[in-house]
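Read the structure below first, then the notes.
Any read-out appearing in this document is the output of simple, stated calculations on the displayed coordinates, not a laboratory observation. Every value quoted in this text rests on a predicted model; they were computed, and no experiment measured them. Cβ atoms come from the backbone with ideal geometry, glycine included; neighbour counts cover every protein chain shown.
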Amino acid sequence: MNSKFTLITRILLGIILLLSGLNKILKIIPTPADNLIESFGEVDYIFPIVAALEISIAILLLSKKWVAFALIVLVPLSLNILLFHIYLNFEGIIPAILVAALNGILLYKHRRQYAPLFE
């Protein structure tokens, strides 16, 4: 669990999530999600919550605190990111696959910590 590969994977995922979350708040780089935000109309609380989750998870991953918890919280978020890009913006599928794959790899690396959940 403490291999260099796991360290690099955790840090890479943390950086991606941190940049994505900050971009949702600061709107530095235009994203296809901007159109989705406009289509939600009055329901404008979703993306700030997603951004806060991404930043929180990134901080946990980068600080190596509660990593197993952060990975579990990231599962529905990464699946929704992946499904969004599959159905609405296929051009941006590569980062979505990367986030889902890195999350899956890290979940597998931390699988022993999840064992008590299934006893």
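Quick notes
- Put simply, the C-alpha atoms of the chain give a gyration tensor, and the ellipsoid matching it has half-axes of 26, 14, 14 Å, longest first.
- The chain: relative contact order as a whole-number percent, Cα under 8 Å and 6+ apart: 32 percent
- Helix content alone sets the calculated 222 nm mean residue ellipticity of the chain: runs of n ≥ 4 DSSP H residues at -39500 (n - 2.57) each, divided across all residues, give -25000 deg cm²/dmol.
- Degrees separating the helix 46-63 axis from the principal Cα axis of the chain, which is the longest one: 30 degrees
- Helix 93-109 axis, angle to the chain major axis (alpha carbon atoms, nearest 10°): 20 degrees
- Relative to the longest principal axis of the Cα atoms of the chain, helix 67-87 runs at roughly 40 degrees.
- Taking 0.36 nm per residue of sequence separation and removing the Cα-Cα distance, the N80/I94 pair yields an extension gain of 3.6 nm.
- Highest average packing first - 110-119, 4-13, Cβ atoms within 10 Å: 4-13, 110-119
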